[in-house]
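Novice: Shown below is the structure under consideration.
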Amino acid sequence: MDYEKELLELWEKEGRHIARRTGDKKYFITAAFPYPNSPQHIGHARTYTIADVMARFYRLIGYSVLFPMGFHVTGTPIVAMADRIKEGDRELFDIFEKIYGIPREKYEKLTDPKDLVMFFAREIEDGMRRMGFMIDWSRKFYTFDPYFERFIQWQMKKLYDKGYLIKGKHPIPFSPKLNSSVGAHDTKGDVDPEIEEYVGVLFESEFGYLVAATLRPETIYGITNIWVRSDESYLVIELDNKTRIVVGKKAWERLKYQFQNYKEIESLEGRVLIGKRVKVPLLNVYVPVYHGDIVKAEEGTGIVMSVPGHSLFDNYEYSKISCSYPIIIAVDGKLSDASVHIPKDIKNLDEANREFYRKEFISGFHIPLNTTVKEARETTKANLFKSGSAIKIYSIANGPIYSRAGDEVVVKVIDNQWFIDYSNRDWKEQTKQLLNSMKIIPEDFRTRFENTIDWLDRKACTRTRGLGTRFLFDQSQIVESLSDSTIYMAFYLLTPYLNSFRPDQLDESFFDYIFYGKGEPINDAHRAMRDEFLYWYGVDSRHSGVDLIANHLTFYLFNHAAIFDKEYWPKAIVTNGSVLMDGKKMSKSLGNIIPLKRAIEKYGADTIRMAVVANSDIKSDTNFSENISKGIRERLEEIIKLFSEPHIGSDIDDWLRYRFFSKIASIPDMYRNYEIKKVVDTMFYEFYNDLQWAIKRGLRGVPRDIVRYWNIAMFPVIPFTTDMIHRKLFGISVYDEKFELNIAQRNYHPEDLFREIVQDLETLRNSRSFSKVRIGIAKPWKFEVYKLLSDKTSIADIIAKYPEAKELIAKLKNRAYTISFPYQYDEVYEYLRRNLDWLSNYMKIDIQIGEERQKYALPDKPEFIVE
RNA sequence: GCAGGGGUAGCCAAGUCUGGUCAAAGGCGCCAGGCUUAAGACCUGGUCCCGUUGUGGGUUCGUGGGUUCAAAUCCCACCCCCUGCACCA
């Protein structure tokens, strides 16, 4: 696709992608900026291409369009990746080499996160340029930029002033060896650690409180005893200089990270605990401590509360001692007894237990509290904490997980964690107001936004490591990456002017002036920033993947509602599904990732654009495959060929024009509704069919007005091909065209009817061979009836006028209600007569026309009498 | 568990908001014909069942009910599948 590269240079030279302010109508469009930790693959292309199509469309209908792009480098994955390169991680190298084809000498130097960022950012930018995206690169920035840091600090200050920033405790996955929090990218096998919260129930004993961790605190009402291991060691720990707890020594190795202030007092042998009696909270009864083989010293706290009635494990163990125990839960009106569910093969105990838990949780009734199990759990939990008889215990639910450094990931609780308080009711209310004022594409997802606004709770907004902005109220921490990317779209409006300032000049009043108009500008650049903001802001269309609704996009709404005045609120959010590769999800392990650059080289940018944007509806996943791309490529080449042939007028031009212009009239609305697939179906596929018919009917070259408008209509989707044709045929670029339609068009053309008749005739010929046919046109009164039906005349009236129409209408059945038939008898007759020679020739048979002889003909279905 | 999306012919996939032109677009696959020495590519036609000299009949859009002159489309109930649930980009 050589012309694509040539055009890129031309566009660059002509400055086609610089955003210019040309009038009052503006369109500010943004797509989620990329995170440069690897090259792009075709999956990334979809969102940007949709955004680009919209940017180009609005430019075509006369808007000033701004479509900027930057790079999000905040967070830990890039840092982790740089570390992995330093460590010589084989797995990572394989991905670089086998999937992306990056030679070793290029990536192995990228051990500094900043170098890594710059390398991949350049790769990505290249790819985006090559795709033809109309991005104004003069506004590019990186989120580790000191100016951007000041901007985010301003944002945090505003949130703080409104009371939306709060501080508290928070559990995180943690690697003691790395001495750092871990995300999926820091683990062996890229596992995302999930944290599970247990209730650690405190049982008073002579040594301190024995802590038993449970997910089912409500079963405490059925407790019989406590399990420990007589062959393991236990520790007495003093928390916060007051509470003494007892936990397993091995368990404590993991648990200790969950406490800030503790002292190890003494070590106990498990057998010392056996036979002691401990006090059960809430019930205020005493139960004994027994040895249990089912207890695993390193799991939980190494101490288990025994509820034989409602745990298969406990039941199994307890049955060695006694078979009498309380049952406190009923399912379907019957007492639920764990012993009934013990499987024959004891290996299946775990699975059976899970099933049993589930059943009791969903449909169980808690007898002592006289309520459902679900409710009893909440009540019991609340009461335990209220009475100080429980502490929170966390564990890795999908563990064990090992960090890059090889140690096991544990849960650490940090107590100086800052949160953005998305649980704030007033804030939620205001965000909903914002949502209500917006267009959501596709509209089906509006409820998802509503629900997310409701469910969102406090969001931890700082991290201890990674690239990014230092947190304003604790400079040792970094603003977490989903929290520093909620209003960055406004920053694009400042970037061209930043070099007139030092970062430290960007204080609170600096931004207050730009975004609120408070105070006076310090210089012209400052004034220009305010001006840019006033002109562009209020993002007209924000593009992103469907998967970001539950976090980024909703944070985006919250923060805009909090920070900006109503006039500057976003106008629309557009989300799209992802790209599948031959029907499968792209993944590193499947190795089915196609790097964008390689795909462009093979098929050309226009083909890829079309493949990712026009193959399915915006909200569903779209499929990419070699076949699809090849098909598009070939069709494109065919169109180029057809359009290049010189046009010599013919009778069919008129019909083709009518078909084309009646189609194109609806194109702008399709774009406005983001129905890009429909645009392509109409212009590319349907029109192509018409073209094929016209060629059969003697078309010689495509009329130039059609080519011109086709180029304009398709330019947003396939800018290279259309601009190439345009420059060649008309000597101007499509960029200089306007999508304006003031062409008077007809509503119908007898050729349409003629085409149908020919097709019917062909069908007939396929089932039978004959050499002569007489076409009998329906009698004129039938045309009259069709017209009356088209005018929605009541059927009774029609029959009153034409009694013989009764049979005809009966035959039409439901169609009678919807018929729309504009043709007159004479018109049809005349048209057929005029095209008789062509038809005879085409069908290679002898054809005559006349009035119908039998009574079966309809105005749109003449009778055929064959010989 | 909570929330969201979805079940359409051999497969993929439109249509559902705004009921009728829907036996249901388009693509793939398959079949026949054309082109070709031939294969591929391409072009034409066919592809639910029956009938057949075309405009005919029957049965379909997860299942079962309902509303309507008319339902893939509206209402109710049920069954099944997929995705997200956070501090991570």
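The values are calculated or read from the model by the stated rules, or taken from the named source; none is laboratory data. Computed from a prediction, not measured in an experiment: that's the story for all the values here. Heads up, the Cβs are rebuilt from the backbone with ideal geometry, glycines too, and the neighbour counts pull from every protein chain shown. Side chains included, ligands, DNA and RNA excluded: accessible areas come from the protein's heavy atoms. Shrake-Rupley method; radii C 1.70, N 1.55, O 1.52, S 1.80 Å.
Novice: Considering all alpha-carbon pairs of the stretch A:106-195, what whole percent are spaced by more than 14 angstrom?
Specialist: Percentage above 14 Å: 80.
Novice: While we're looking at this one, here's another question. Under a no-solvent Debye model with one identical scatterer per Cα of the stretch A:1-124, what's log10 I(q)/I(0) at q = 0.09 Å⁻¹?
Specialist: -0.37
Novice: Now for a different question. Can you give me the solvent accessible area of residue A:651 with a 1.4 Å probe, rounded to the nearest 10 Å²?
Specialist: Only protein atoms counted, so the area is about 150 Å².
Novice: For A:702, A:285, write out the residues from largest to smallest accessible area, computed with a 1.4 angstrom probe and no ligands counted.
Specialist: On the way: A:702 5, A:285 65 Å².
Greatest to least solvent exposure: A:285, A:702.
Novice: So for the stretch A:2-69, considering every pair of alpha-carbon atoms, how many percent are separated by more than 18 Å?
Specialist: 51 percent
Novice: So what's chain A giving for Cα Rg divided by 2.2 N^0.38 Å, two decimals?
Specialist: Expressed relative to 2.2 N^0.38 Å, the Cα Rg reads 1.27.
Novice: Residue A:837 to residue A:348: FRET efficiency via 1/(1 + (r/R0)^6), r the Cβ-Cβ distance, R0 60 Å, to the nearest 0.05?
Specialist: Values: r = 83 Å, r/R0 = 1.39.
Taking R0 as 60 Å, the efficiency between residue A:837 and residue A:348 is 0.10.
Novice: Taking a 32 Å limit on the Cα-Cα distance, which of the listed pairs A:169/A:249; A:263/A:320; A:25/A:677 fall beyond it? List each step's numbers first, then the result.
Specialist: Details: A:169/A:249 25 Å; A:263/A:320 37 Å; A:25/A:677 26 Å.
From A:169/A:249; A:263/A:320; A:25/A:677, over 32 Å: A:263/A:320.
Novice: Related question: Ignoring ligands, DNA and RNA, what percent of the 1.4 Å accessible area of chain A is carbon and sulfur?
Specialist: On the way: 18120 of 38130 Å².
Reported share for carbon and sulfur atoms: 48 percent.
Novice: Let me ask something additional. Residue farthest toward the positive end of the dipole of chain A, with Cβ of Lys/Arg at +1 and Asp/Glu at -1: which of A:623, A:526, A:661?
Specialist: So the residue we want is A:661.
Novice: Right, another one. In nm, to one decimal, how far is the modelled label at residue A:665 from the one at residue A:263, with both set 7 Å along Cα→Cβ?
Specialist: Reported label-point gap for residue A:665 and residue A:263 is 8.9 nm.
Novice: Sorted from largest to smallest, which semi-axis lengths in Å does the alpha carbon gyration tensor of the stretch A:256-405 give for its equivalent ellipsoid, taking the root of 5 times each eigenvalue?
Specialist: 27, 20, 19
Novice: Hydropathy at least 0.0 by Kyte-Doolittle, axial extent at least 20 angstrom from the Cα trace: which helices of chain A, defined as entire DSSP H runs, fit?
Specialist: Working: long enough: A:42-60 (27 Å, 0.13); A:113-130 (25 Å, -0.54); A:146-161 (22 Å, -0.98); A:349-363 (21 Å, -1.12); A:626-644 (27 Å, -0.42); A:750-767 (26 Å, -0.76).
Result, helices passing both filters: A:42-60.
Novice: Could you pull the accessible area for residue A:773 with a 1.4 Å probe, rounded to 10 Å²?
Specialist: Here the accessible area works out near 10 Å².
Novice: Once you put a point 7 Å from the Cα of residue A:695 and another 7 Å from the Cα of residue A:736, both along the Cβ direction, what distance in nm separates them?
Specialist: The two pseudo-label positions are separated by 3.2 nm.
Novice: Could I ask something else about it? Report Rg(Cα)/(2.2 N^0.38 Å) for the stretch A:289-332, keeping two decimals. Before the final figure, lay out each step's value.
Specialist: On the way: Rg = 11.5 Å, N = 44, 2.2 N^0.38 = 9.3 Å.
In units of the 2.2 N^0.38 Å rule of thumb, it is 1.24.
Novice: Across the stretch A:611-715, what fraction of all alpha-carbon pairs, as a whole percent, falls in each successive 5 Å bin from zero upward?
Specialist: Over the stretch A:611-715, the share of Cα pairs per 5 Å bin runs 2, 11, 22, 23, 18, 13, 7, 3, 1 percent.
Novice: Sticking with this one: Report, in cubic angstrom per residue, the convex hull volume of the C-alpha atoms of the stretch A:512-639.
Specialist: Details: hull volume 23.2 nm³, N = 128.
Per residue, the Cα convex hull of the stretch A:512-639 comes to 181 Å³.
Novice: With the other protein chains left in place, how much accessible area per residue, in square angstrom, belongs to chain A at a 1.4 angstrom probe?
Specialist: 44 Å²
Novice: Starting with the highest mean, order A:553-565, A:751-763 by the number of other Cβ atoms within 10 Å, averaged over the residues of each peptide.
Specialist: Numbers: A:553-565: 22.2, A:751-763: 16.0.
Ranking, from highest mean packing down: A:553-565, A:751-763.
Novice: What number, in percent, do you get for the relative contact order of chain A if the mean sequence gap of Cα pairs under 8 Å and at least 6 apart is divided by its residue count? All intermediate terms of the calculation are to be shown ahead of the outcome.
Specialist: Working: 1477 pairs, mean separation 120.2, N = 867.
The normalised contact order for chain A reaches 14 percent.
Novice: So, one more: Note the full-extension length gain between residue A:635 and residue A:760 as 0.36 nm times their separation in residues minus their Cα-Cα distance, in nm to one decimal. The partial results should precede the final answer.
Specialist: Numbers: separation 125, 0.36 × 125 = 45.00 nm, distance 2.74 nm.
Length difference between fully extended and current span is 42.3 nm.
Novice: Project the alpha carbons of the stretch A:473-557 onto their principal axes and report the range along each, largest first, in whole Å.
Specialist: Largest to smallest, the principal-axis extents are 42, 36, 22 Å.
Novice: OK, next. Going through the cross-link list A:167/A:374; A:678/A:806; A:140/A:571; A:518/A:571; A:162/A:619, which pairs have a Cα-Cα distance over 28 Å in this structure?
Specialist: Details: A:167/A:374 30 Å; A:678/A:806 40 Å; A:140/A:571 23 Å; A:518/A:571 24 Å; A:162/A:619 36 Å.
Beyond 28 Å between Cα atoms: A:167/A:374; A:678/A:806; A:162/A:619.
Novice: Quick one: give the max-minus-min coordinate of the C-alpha atoms of the stretch A:157-221 along each principal axis, largest first, in Å.
Specialist: Per principal axis, max minus min of the Cα coordinates gives 49, 41, 24 Å.
Novice: Dipole of the stretch A:398-451, Cα-centred, from +1 at each Lys and Arg C-beta and -1 at each Asp and Glu C-beta, to the nearest 20 debye? Please report the intermediate quantities before stating the final value.
Specialist: Details: 8 positive and 9 negative charges, 38 e Å.
In total the dipole reaches around 180 debye.
Novice: Calculate the dipole size of the stretch A:303-395 relative to its Cα centre from +1 charges on Lys and Arg beta carbons and -1 charges on Asp and Glu beta carbons; express the result in debye to the nearest 20.
Specialist: On the way: 12 positive and 11 negative charges, 49 e Å.
Charge dipole of the stretch A:303-395: 240 debye, to the nearest 20.
Novice: Dividing the alpha-carbon radius of gyration of the stretch A:287-360 by 2.2 N^0.38 Å (N being the number of residues), what value is obtained?
Specialist: 1.10
Novice: When a/c reaches 1.5 or more, the comparison of a/b and b/c decides; with that in mind, is the stretch A:219-296 rounded, prolate or oblate per its Cα gyration tensor? Present the calculation step by step, with values, prior to reporting the outcome.
Specialist: Details: a/c = 1.89, a/b = 1.33, b/c = 1.42.
Oblate, because a/c is 1.5 or more while a/b does not exceed b/c.
Novice: For residue A:792 and residue A:571, what does the FRET efficiency come to when R0 = 51 Å and r is the distance between their Cβ atoms, rounded to the nearest 0.05? Walk me through the numbers before you get to the answer.
Specialist: On the way: r = 40 Å, r/R0 = 0.78.
Efficiency, from the Cβ-Cβ distance: 0.80.
Novice: Rounded, prolate or oblate, given the Cα gyration tensor of the stretch A:188-264, with a/c below 1.5 counting as rounded? Numbers along the way, then the final one.
Specialist: On the way: a/c = 1.65, a/b = 1.19, b/c = 1.39.
Oblate, because a/c is 1.5 or more while a/b does not exceed b/c.
Novice: So, R0 is 30 Å and r is the distance between the beta-carbons of residue A:355 and residue A:195; what FRET efficiency does that work out to, to 0.05?
Specialist: Values: r = 24 Å, r/R0 = 0.81.
For residue A:355 and residue A:195, the calculated efficiency is 0.80.
Novice: Run lengths n ≥ 4 of DSSP H only: what is the helix-derived mean residue ellipticity at 222 nm for chain A, with -39500 (n - 2.57) per run over all residues, to the nearest 500?
Specialist: Numbers: 32 runs with 341 residues, N = 867.
Counting only the DSSP helices, I get -12000 deg cm²/dmol.
Novice: Holding the Cα-Cα limit at 32 Å, pick out from A:114/A:432; A:188/A:584; A:359/A:588 the pairs that are longer than that.
Specialist: On the way: A:114/A:432 39 Å; A:188/A:584 24 Å; A:359/A:588 38 Å.
Check vs 32 Å cut-off fails for A:114/A:432; A:359/A:588.
Novice: While we're looking at this one, here's another question. Give me the extension gain from residue A:239 to residue A:25: residue separation times 0.36 nm, minus the current Cα-Cα distance, reported in nm with one decimal.
Specialist: Numbers: separation 214, 0.36 × 214 = 77.04 nm, distance 6.42 nm.
This chain segment gains 70.6 nm when fully extended.
Novice: Moving on. Using the Cα centre of chain A as the reference point, and only Cβ charges (+1 on K/R, -1 on D/E), how large is the resulting charge dipole? Debye, rounded to the nearest 20.
Specialist: Dipole about the Cα centre, nearest 20: 640 debye.
Novice: Amide H to amide H, which residues 5 or more places from residue A:402 or on other chains are under 5 Å from it, using H placed in the peptide plane?
Specialist: Placed amide hydrogens put A:188, A:409 under 5 Å from residue A:402.
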